[in-house]
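Values in this text are rule-based calculations from the coordinates and carry no lab data. This is a predicted model, so every value here is computed, not measured. Positions of Cβ are backbone-derived with ideal geometry, glycine not excepted, and every protein chain shown enters the neighbour counts.
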Amino acid sequence: MKRTILLSLVFLVLASCSSRQQKIDKTTDEGVEVVLNHLEPYAVKGVPSRLVLEKESSIDTENEKIAQIGLAEMETFDVDPEGNIYIIRWQSNENYIFKFDSAGNFVRSFLRRGQGPGELEWGGTVFLDHDGNLLAKDPSKPKFAIYDRDGRFIKEVMLKKLIEPIAPLSNGQYFYFDQIQNPEKFQNYLGVCDSSFEQLKKIYQKDTPNEFRSSEAKVKISGRSLIYQAGKDKIYVGDTDKGYEIRVYDLEGKLQNKIRKEYKPVPISEEFKQAFLKRFPEGSPFHDRFEFAAAWPPFMSFIEDEEGRLLVRTFEKGLNPEENMFDIFSPEGVFIGRASFANRDAQREQNPLPCLCRGGRLYSMHDKESGYRELSVYRMRWE
């Protein structure tokens, strides 16, 4: 009888501990709920938290066949519902956009270099618009070109101001970035706009000092301080000066909730500092103007999968040399696990490379140890 009572007490204690483990810490701020996450993931019953990636194909600029078609570099990309991949180059003397099928086979290239209608001088952004066509933009010009997915030019759209479209939203609007440069500071804005890019609504503003205002001002190297991404029905904004905090908005730009997490800062390595300064040899105007922060920001980029999970790229090294660690949050903002995969910019460690989830697959661009750039396609499985 005593043994039975003792066992019952043990089970009650274990059940109590398990119950406490499942309880999600929360608070409120700015009138919205804030999910408080810690260094270790929450164990949420019935919620898959382990991401398994199976590599299916890749587009590798080190591959001789890829070099022969003229794709020497990759800037951004998008994927259509059939799995076709569209990659844009930063510089080109011929075509800027390269189309590949779902197996990674080259189909065609289009959008020529130039200043005429439907031409670009620099390639920056390419993504599918609300009509399923391709929007391509030179970041230095207040215009963009629209092509169909077979590479036929449709029209050119002139913008009233030099805003940068980030992504189409599922409600028919667009998410955009805007910057106003003043002598003393840069005013950075994120917002939503209509399909004509004219009715603009600002949802977040961050001012940063203009460190180039004089030849003597120090330029601090500390990673990007404004991180943003659009998902299926959410917009994510992170101001890293506020720590590990992610603001979650609806598609109309209304703040819905916040996600916070404890983290261990990653120091900026001496290796990175030396590699960075090599680009500015002694005697150049900038060599002695840089100062490095003690540590990187808490995160670098956001990726939402098709079920609303948020993958947050950190500066922590991954399990393999070309990989980084990603924190995984449930659609409710609860930290549930971690993943490691390749999404590395070898030249500019503080900048993210494109990565997206589409059709049950993860598409991730990264720099190889050889210096060549690769876009890898993985099948995703959650356990």
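With Kirkwood's inverse mean 1/r over C-alpha pairs for Rh, give me the Rg to Rh ratio of the chain, two decimals please. Display every interim value, and only then the final one.
On the way: Rg = 22.8 Å, Rh = 22.8 Å.
Answer for the chain: 1.00.
Taking 0.36 nm per intervening residue step and subtracting the Cα-Cα distance, what contour gain separates SER269 from GLU369 on full extension? Before the final figure, lay out each step's value.
Numbers: separation 100, 0.36 × 100 = 36.00 nm, distance 1.76 nm.
Extra length from SER269 to GLU369 when fully extended: 34.2 nm.
To the nearest 20 debye, what charge dipole does the range 26-382 have about its Cα centre, counting +1 at the Cβ of each Lys and Arg and -1 at the Cβ of each Asp and Glu?
So the dipole magnitude of the range 26-382 works out to roughly 260 debye.
How about LYS99: which lysines have a C-alpha closer than 21 Å to its C-alpha, ignoring those fewer than 8 places off in the same chain?
Output for LYS99: LYS55, LYS65, LYS137, LYS155.
Which FRET efficiency value, to the nearest 0.05, do you get for PHE153 and ASN105 by plugging their Cβ-Cβ distance into 1/(1 + (r/R0)^6) with R0 = 35 Å?
It comes to 0.90.
Which of PRO48, PHE315, ILE85 sits farthest toward the positive end of the charge dipole of the chain, with +1 on the Cβ of Lys and Arg and -1 on the Cβ of Asp and Glu?
PRO48
May I ask for the Kirkwood hydrodynamic radius of the range 46-143, worked out over all distinct Cα pairs and given in angstroms to one decimal?
About 14.6 Å for the range 46-143.
Can you check what the net charge comes to around SER57, using other residues whose Cβ is under 12 Å from the Cβ of SER57 (Lys, Arg +1; Asp, Glu -1)?
Its environment carries a net charge of -2.
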